[in-house]
Every structure is written in structure tokens, then in C-alpha cells.
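Remarks on the structure that follows.
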Amino acid sequence: MLMVIRSFQPDISYTWAMKERYNTLYTNAQITHEITRIAQEIIADHSADKPLFVALLRGAAPFASRLMFTIAQLAPDMHPEIDYMMVSTYGSGTSAHEPRIVTDLAPSTNIKGRCVIIIDDVLDKGITAEFVRLHLESMGAREIKLAVLVQKQTERRYPIEATYYGFTANDEWLVGMGMDDAELANEGNRWLSEIREIIR
């Protein structure tokens, strides 16, 4: 039986709507370059120890996955260890609220006395990052660092900065690589391989 595979043709109306709604800030190639640089910095900083990576779902999922693959490729003997937390901060729109833990680390995850690197998609007000930092500190983490794909240039509620970050951006609503357009749809464009800015 002969199977015919048709080439994918993007929906022109959808593509046009994307251009009308977003500006592209960073391309997939630029993101790959920055993730590689971050991976190299983490490997250099932790050649003598093995940090625990804690990815904050759902936003960190694309960045964390690509970062783990890159670290494993560049440093095969490092065997990066990652666990996940789900912390609810945003509601149905774009306004941040007080965070709460939805899903904590696995009971079998050893955190006491270790360096922990929190992975998130973006650092803006610092509300989620500070909440998670205090939580991990209470669990006995020796040192806590933060790795984000985008660090926003905005006033933070807490004095926290990322140890590792790929890009800086203004205080605009960003979409792609983990950041979703909640006004468009549930999980709207979270898995874009680019980072785009909503046109206001």
C-alpha cells in the first residue's frame, strides 16, 4: 500500500492573525544560542557538585526540557537531575496573584544540603521565584539559584535577580517558550519555539 504524505501548508489566515497580534522578539535560533550559553555556564559553575534542578510548571517546561538536553549533550557525565513543582500565580488573564503550591517535589527527591537551581520561563515581579526560594530553603537547600529564559526589566516586589538568564525584555506580555496568551486560549501559544510580544 502506497502512503502519500502531503507537505504541511500553514493556514494563511492564522499566520496573518499571528502577525497582527504579535511582534517577534527572539527567534528559535537566538533561543538555542542562549540556552547553550546558559548550559555552559551552569556546567562550569558546577563541575565539582551536582545541583538539583527544579522546574516550575507549566511555564518552565519548554525551556527546562531544552536546557536539560543541552547540558546532557555538552556534559554527558553530569547526568542532570530534575524535579518539578506546580505553583499557581496567574488566573485567567495577565495579572499576578499570590502564589500557592499545587504540586510539590516528589517525596523521594533529596534536597537537604544541596544546591538547587530553580528553572522558570520568565522573571518579572519576582513573586513566584521568591515564594519557591523560601519554600526550598525551608526544606534544607544549601544554596538556591534561579535560571530563566527571560528577565524582565521591571520593578520587582522582592529583591531577586536570576543567576542565569537568556534575554532581557521590557514589562510587556510575552508569548512562547512556556509563556502563554491566556486571553487568546487556554495554553494559548505556550509551545511556540519563538518568543513574541503581544501588540497592545
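Every read-out reported here was derived from the displayed coordinates using simple, explicitly stated rules and does not represent laboratory data. Keep in mind that what you see is a predicted model, and the values were worked out from it rather than measured. Because the Cβ atoms are built from the backbone with ideal geometry, glycine has one as well, and the counts that use them run over all protein chains shown.
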I need the full set of residues from region 50-71 which are outside any loop (DSSP other than H, G, I, E, B), over 9 Å from the mean Cα position of the chain (by Cα) and either within 14 Å of Lys145 (Cβ to Cβ) or not polar (S, T, N, Q) (or both), in order please. Leu52, Phe53, Val54, Arg66, Leu67, Met68, Phe69, Ile71
Restricting to region 144-191, name every residue that is among the charged types (D, E, K, R), over 18 Å from Val54 (Cβ atoms) and outside any loop (DSSP other than H, G, I, E, B). Lys152
